[in-house]
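Novice: Mind having a look at this structure? Questions to follow.
The values are calculated or read from the model by the stated rules, or taken from the named source; none is laboratory data. Being a predicted model, the structure only gives us computed values, none of them experimental. Quick reminder, even Gly has a Cβ in these numbers, built from the backbone with ideal geometry, and neighbours come from all protein chains shown. In case anyone asks, the SASA skips ligands and DNA or RNA and just uses the protein heavy atoms, side chains included. Shrake-Rupley method; radii C 1.70, N 1.55, O 1.52, S 1.80 Å.
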Amino acid sequence: QVQLVESGGGLVQPGGSLRLSCTAAGRIFSIYNMGWYRQAPGKQRELVASITTGNSTNYLDSVRGRFTISGSNAKNMMYLQMNSLKPEDTAVYYCHADVHTKRYWGQGTQVTVSS
């Protein structure tokens with residue numbers, strides 16, 4: 001199993017920045033893909049960014065150029081640097097990790113962008 005814990009969420013003004021962290025524990029050597037999803041009230045969960053063990057990245061169109069996903073070589077940490085935040089980025093952000101055919105999730109961290 002893999003345990004994931006997110007941190008770094010909070011309240012920020014439009015145009016501001018936040019850095020989310022995801023700490024992984026357990027069978028982290030088996031992780032081949034990690035990423036961040038978000039879910040706003042009344043909306044479906046959507047993929048924000050993902051990163052593979054080969055450091056290939058993928059981004060939601062609306063965050064490309066503003067958000068940067070990165071991870072440690074040890075696979076025990078993953079980050080999401082979020083710049084130029086907009087009110088529409090407000091959501092609960094979840095990290096996930098894929099091991100073989102199973103996806104693990106963290107508990108989520110709230111990001112609120114508001115003046």
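Novice: What's the carbon and sulfur percent of the chain's accessible surface, probe 1.4 angstrom, rounded to a whole number?
Specialist: Solvent-exposed carbon and sulfur of the chain make up 48 percent of the total.
Novice: Can you list residues from other chains, or at least 5 along the same chain, whose modelled amide H is less than 5 Å from the amide H of residue 108?
Specialist: Close amide H contacts, sequence-distant or interchain: 6, 95.
Novice: Considering amide H positions built from the backbone, and no H for Pro or chain starts, which residues 5 or more places from residue 48, or on another chain, come under 5 Å of its amide H?
Specialist: Sorted by chain and number, the residues that satisfy this are 36, 37, 38.
Novice: Still on this model: Cut-off 10 angstrom, C-alpha nodes, Gaussian network model of the chain. Which of 13, 44, 81 fluctuates the most?
Specialist: Its mean-square fluctuation being the largest, the pick is 44.
Novice: Would you please give the residues with an amide H less than 5 Å from that of residue 10, counting only those at least 5 places away or on a separate chain, with H modeled from the backbone geometry?
Specialist: 111, 112
Novice: How do 87-100, 15-28 rank on mean C-beta neighbours within 10 Å, highest first?
Specialist: Peptide ranking by packing, descending: 87-100, 15-28.
Novice: On to the next question. Please tell me the relative contact order of the chain in percent, rounded to the nearest whole number, where contacts are Cα pairs under 8 Å and at least six residues apart.
Specialist: Computed over the chain, the figure is 38 percent.
Novice: Now, a different point. In Å², what does the accessible area per residue of the chain work out to with a 1.4 Å probe?
Specialist: 52 Å²
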